[in-house]
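Asks: Structure below; questions to follow.
The values are calculated or read from the model by the stated rules, or taken from the named source; none is laboratory data. Treat the numbers as computed from the prediction; the structure is a model and nothing was measured. For neighbour counting, all protein chains shown are included, and Cβ atoms are generated from backbone atoms with ideal geometry for every residue, glycine included. These accessible areas exclude ligands, DNA and RNA; they are computed on the full protein's heavy atoms, side chains included. Shrake-Rupley method; radii C 1.70, N 1.55, O 1.52, S 1.80 Å.
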Amino acid sequence: MFPAEQQRELAERLTAFLSQYSRLSDSYIIEFFSKDHWHKLPNSWQPALQDLTYHQVADLLLDAAHRDRRYPSAWPLSLLAFRAAAHALAFPRGHRPERGGAARPEEFLENQSQSALLGHIFRKHVKPKKQHEIRRLGSLVKQICDQTDCNSVVDVGSGQGHLTRFLSFGLGLSVTAIEADRTLVATATKFDRELVAALQKDKQKRNCSSLVTGSQPSPRHLAGWVNPKASWEAFIAQLSAAQCVEESGPTPPGSSRKRLRGAEHAGPPSSHAVQTSTDSPDCQPTSQHRLGEDGSGSSSAACCRSRVCGAPQEVTGPKPGHPDFVLTGLHACGDLSATLLRHFIHCPHVRGITSVACCYMKITTEEDPSPPGLVEEAGARPAARDGAPSGFGYPMSSWVGGLPGHRLSYKAREGACHAAEDYARRLRVGGEALRTHCYRAALEAFIADARPDLRRAGIQTIKGAHLLPFDEYARLGLARVGLPPGLPLDPERVEAMLKQQGRVVVYFSLALLLAPVVETLVLLDRMIYLQEQGVDSQLVPLFDPNFSPRNLVLVALKPRSH
């Protein structure tokens, strides 16, 4: 936590810096050749960067902690200043150098798939990354509950219930989980029943006391979409009033994982789309985004033993006497994180919040009210509210909204979802996988020549692309955009482009340097918004960034007088 004046000064520096280098943050690496990105770099940068090895790119550009910098040539001061400013302006991410090559936290040293710090009943169905996240975030939520005298938690975008099970059965909290996809809710309920069965078996063996709390309260599960336009009263009513539906009941249109994936290519939807947590590898924007896996179902409550709870069709208002609670969202996608922060500020029942954001490219802005990749929801753009300059996901604060150059393009927000730590590790390992960007950029040049209207066409992942000869890769890619697989490709031109693979890697790394800076501005805007509403907050690098790139958690407690 740092004073409001320092927050605002940092926002000014961030917007000025990002405005200066918007050409980098707004550029698409697949247009490296078709837009001649290399020669748009400052002239003095090009000779200094063009012959760098992959190790040198990782050490000299991406690794802020690297101390033994040995430059193969004299770097211009403007390049040194760019690198230094990018690292200095970004929020610390708790980076620890992985000189030994270990990319996983110490809890996975004995078994790469099983956290040694998480009970075995909470590891079933849970990937290592999620094990690391639910253990650390769950412990933080429990601390917030203790500090606010709350025993209740609402987990939004809860998915398959991994976080909720740990909060409920592991930490003894009363948890309500809400998730838009009924299929995921049903899966969470099934997993809860499996956990209860495991508890009963362990109890018989009398060896489960160290795994779970004594009371083992069952979580309550709701299937419903959190509308960013709705008031906090409607949100509370959604949590308070629920009707039960059969576990096997159909998923409502627009909320299933399949429909969300299809929407990635369905053209620009409305800004009011389903917003959920994500369990994808931290928002890699070129991948399909899955709904979250951090909710749960009840297996012992009378209502939800074999059912899940769905939000009612009509919401008339909050029930009286609703208990105070702590709000949490693990990797809440797009505008959902901003919506939860607004509910935290205005709802008297919310005492604290832990917010882990992701999918920044799905945030709505005034310039981009309908970012691609969201399920369409009827309605106009959100109206201004809460004293903020808009009801959009960015900017939330009046201060950032008034700064010149505060706008962030879709590409800049998409870039903020990439992981610099992971790419630096790939550079140090080396190998053929690094040629994929160059392959795609070379193919884009031929696509742009043949059909300019197909620029930036979504080819999606070609399995083992880096292992294929370019001609075979091009044949598969051209077919995916509707061009003849046998489109003539000038061999000499192909060879000349593929020889520039090192430059493609360098350019991508330069743009990647800006990713944590963009993320910092988005999160700082939310901190300033809270400050403008009279609430202090902290940004905690809770997860290991080498393992969980979206590792910054926004934490806030509401004063009793608020």
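Asks: Apply the Karplus parameterisation 6.51 cos²θ - 1.76 cosθ + 1.60, with θ equal to phi minus 60°, to every residue of segment 168-179 and state each ³J(HN,Hα) to the nearest whole Hz, in sequence, with x for glycine and proline.
Replies: Here the 3J(HN,Hα) series is 7, 7, x, 10, x, 8, 8, 10, 10, 10, 10, 9 Hz.
Asks: May I pose another question? Label-point separation (nm) for Val429 and Val481, each offset 7 Å from Cα along Cα-to-Cβ?
Replies: Those two pseudo-labels are separated by 2.8 nm.
Asks: May I ask you to compute the full-extension gain from Phe2 to His120, defined as 0.36 nm times their residue separation minus their alpha-carbon distance, rounded to one decimal in nm? Before the final figure, lay out the partial values.
Replies: Numbers: separation 118, 0.36 × 118 = 42.48 nm, distance 3.89 nm.
Going from the current span to full extension adds 38.6 nm.
Asks: Quantify, in whole percent, the carbon and sulfur part of the accessible surface of segment 446-562 (1.4 Å probe; protein heavy atoms only). List each step's numbers first, then the result.
Replies: Values: 2520 of 4820 Å².
Solvent-exposed carbon and sulfur of segment 446-562 make up 52 percent of the total.
Asks: To the nearest 0.05, what FRET efficiency results for Ser19 and Asp324 with a Förster distance of 60 Å applied to their C-beta separation?
Replies: Values: r = 42 Å, r/R0 = 0.70.
Once rounded, the FRET efficiency stands at 0.90.
Asks: Quickly rank 343-355, 419-431 as a protection proxy: mean count of other C-beta atoms within 10 Å, highest first.
Replies: 343-355, 419-431
Asks: Moving on to the next point. First measure r as the distance between the Cβ atoms of Ala88 and Glu194, then evaluate 1/(1 + (r/R0)^6) with R0 = 45 Å and state the FRET efficiency to the nearest 0.05. Working shown, then result.
Replies: Working: r = 48 Å, r/R0 = 1.07.
FRET efficiency, Ala88 to Glu194: 0.40.
Asks: I've got another one for you. Work from the charge dipole of segment 143-204 (Cβ charges, +1 for Lys and Arg, -1 for Asp and Glu, about the Cα centre) and give the residue of Cys145, Gln204, Val156 farthest towards its positive end.
Replies: Farthest towards the positive pole: Gln204.
Asks: Rolling a 1.4 Å sphere over the protein heavy atoms, what is the accessible area per residue of segment 22-113, to the nearest Å²?
Replies: Values: 4970 Å² over 92 residues.
For segment 22-113, the solvent-accessible area averages 54 Å² per residue.
Asks: Work out, step by step, the length gained on full extension between Arg455 and Lys499: first 0.36 nm times the residue separation, then minus their alpha carbon distance; give nm to one decimal.
Replies: So the extension gain works out to 13.6 nm.
Asks: Output the pairs from Lys35/Lys499; Lys129/Lys229; Lys124/Lys203; Lys129/Lys499 with a Cα-Cα distance over 28 Å in this structure; if there are none, say none.
Replies: Lys129/Lys229; Lys129/Lys499
Asks: Would you mind calculating the relative contact order of segment 133-173 from Cα pairs under 8 angstrom and at least 6 residues apart, reporting the percent as a whole number?
Replies: Relative contact order, segment 133-173: 53 percent.
Asks: How large is ³J(HN,Hα), in whole Hz, for each residue of segment 72-78 in order, when computed from phi with the Karplus curve 6.51 cos²θ - 1.76 cosθ + 1.60 and θ = phi - 60°, using x for Gly and Pro?
Replies: My calculation for segment 72-78 gives x, 7, 6, 8, x, 4, 5 Hz in order.
Asks: If Lys and Arg each add +1 and Asp and Glu each add -1, what is the summed charge of the other residues whose beta carbon sits under 12 Å from the beta carbon of Tyr507? Provide the component values of the computation, followed by the final result.
Replies: Numbers: positive: Arg23, Lys35, Lys40, Arg503; negative: Glu31, Asp36.
Neighbour charge sum, excluding Tyr507 itself: +2.
Asks: While we're here: Got a sec to turn the phi values of segment 37-54 into Karplus ³J(HN,Hα) couplings, 6.51 cos²θ - 1.76 cosθ + 1.60 with θ = phi - 60°, whole Hz, x for Gly and Pro?
Replies: 4, 4, 7, 8, 5, x, 4, 6, 7, 4, x, 6, 9, 5, 10, 5, 6, 4
Asks: Using amide H atoms built 1.01 Å from N in the peptide plane, name the residues 5+ places from Arg220, or on other chains, whose amide H lies under 5 Å from its own.
Replies: So Arg220 has HN proximity to Val175, Thr176, Ala177.
Asks: Ordering Phe169, Phe91 by how much accessible area each has at a 1.4 Å probe, largest first, what is the list?
Replies: On the way: Phe169 5, Phe91 30 Å².
Highest to lowest solvent-accessible surface, that is Phe91, Phe169.
Asks: Could you sort His39, His418 by their accessible area in this structure, using a 1.4 Å probe and putting the largest first? All intermediate terms of the calculation are to be shown ahead of the outcome.
Replies: Numbers: His39 105, His418 40 Å².
Greatest to least solvent exposure: His39, His418.
Asks: If you don't mind, another one. How many angstrom lie between the Cα centre of segment 490-562 and the Cα centre of segment 444-478?
Replies: After rounding, the separation between the Cα centres reads 28 Å.
Asks: Right, next: Let me check against my output: what whole-number percent is the relative contact order of segment 407-546, with C-alpha pairs under 8 Å and at least 6 apart? Please report the intermediate quantities before stating the final value.
Replies: Numbers: 90 pairs, mean separation 51.0, N = 140.
Averaging sequence separation for qualifying contacts and normalising by length gives 36 percent for segment 407-546.
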